[in-house]
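The values are calculated or read from the model by the stated rules, or taken from the named source; none is laboratory data. All values reported here derive from a predicted model rather than from experimental measurement. Here Cβ is always computed from backbone atoms with ideal geometry, including for glycine, and neighbour counts include all displayed protein chains. Ligands, DNA and RNA are stripped out before the accessible areas are found, and what is left, the full protein with its side chains, is counted by its heavy atoms. Shrake-Rupley method; radii C 1.70, N 1.55, O 1.52, S 1.80 Å.
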Amino acid sequence: MRRYEFHSVLPPELVFAVAGTKAREARHPYLTSCFTAAERFFYRRDGEWLWLTYTGTMPITGFVPFSGTVRAEGTGSVISGGFSVWRAVWRFLLIGSVIVFFAALLYGAELWMAALAAVLAFFWFSLTQQVIQRTFRKRQKAVLGFIQEYLLH
């Protein structure tokens, strides 16, 4: 994952406030794009964490949102983060691996083979997610443009 660091003249609370006025709030940014047909930016705040996502022109789920922290620095703030597949979909990867584990046991695999299959499935799902993210470069650029346009000054 490539890390980005932006220096804003706005204090952290104002960064979150501007994000709230320019983007819609989303409970789970990873799934947001499949629920709307219009081009929109969505954000979520959790303490000092900020998630930003963009639906694009076609509602397709699977885009990993920008996730990062907003911390105070001097009179402004620093926004640092990136498009982390692990942070966005670790629950889905874990659930998928658990399903593979129990399915292997159900089909008569030994315990160690089921565990190995679950681990391999986890890494396989992770690899495919990282490859899929390469198709969303325009959405990543749109999110980075949003940060530069609205959250830095």
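Listed residues VAL89, VAL70; which is in contact with a helix residue (DSSP H, G or I) (Cβ under 9 Å, 6 or more places away or on another chain), modelled with pLDDT of 95 or more, β-branched (Val, Ile, Thr) and under 21 Å from TRP51 (Cα atoms)?
VAL70
Here is a list of conditions, (1) in contact with a helix residue (DSSP H, G or I) (Cβ under 7 Å, 6 or more places away or on another chain); (2) open to solvent by 60 Å² or more (accessible area, probe 1.4 Å), and ALA118 meets all of them except one; can you say which number that is?
The number of the failed condition is (2).
Looking only at segment 48-67, filter to residues that are open to solvent by 10 Å² or more (accessible area, probe 1.4 Å) and of a type in the set (A, V, I, L, M); which one of those is modelled with the lowest pLDDT?
At the first step, the residues of segment 48-67 found to be open to solvent by 10 Å² or more (accessible area, probe 1.4 Å) are 48-49, 51, 54, 57-61.
Imposing the further condition that a residue be of a type in the set (A, V, I, L, M) reduces the set to 58, 60.
Numbers: MET58: 69, ILE60: 66.
Only one residue fits best here, namely ILE60.
Got a sec? Which of TRP112, TRP124 is under 19 Å from the mean Cα position of the chain (by Cα), open to solvent by 90 Å² or more (accessible area, probe 1.4 Å) and either hydrophobic (A, V, I, L, M, F, W, C) or more than 21 Å from PHE42 (Cα to Cα) (or both)?
The match here is TRP124.
Of the numbered conditions (1) among the hydrophobic types (A, V, I, L, M, F, W, C); (2) modelled with pLDDT of 85 or more; (3) open to solvent by less than 30 Å² (accessible area, probe 1.4 Å); (4) assigned to a helix (DSSP H, G or I), ALA103 satisfies every one except a single condition; which is it?
Exception for ALA103: condition (3).
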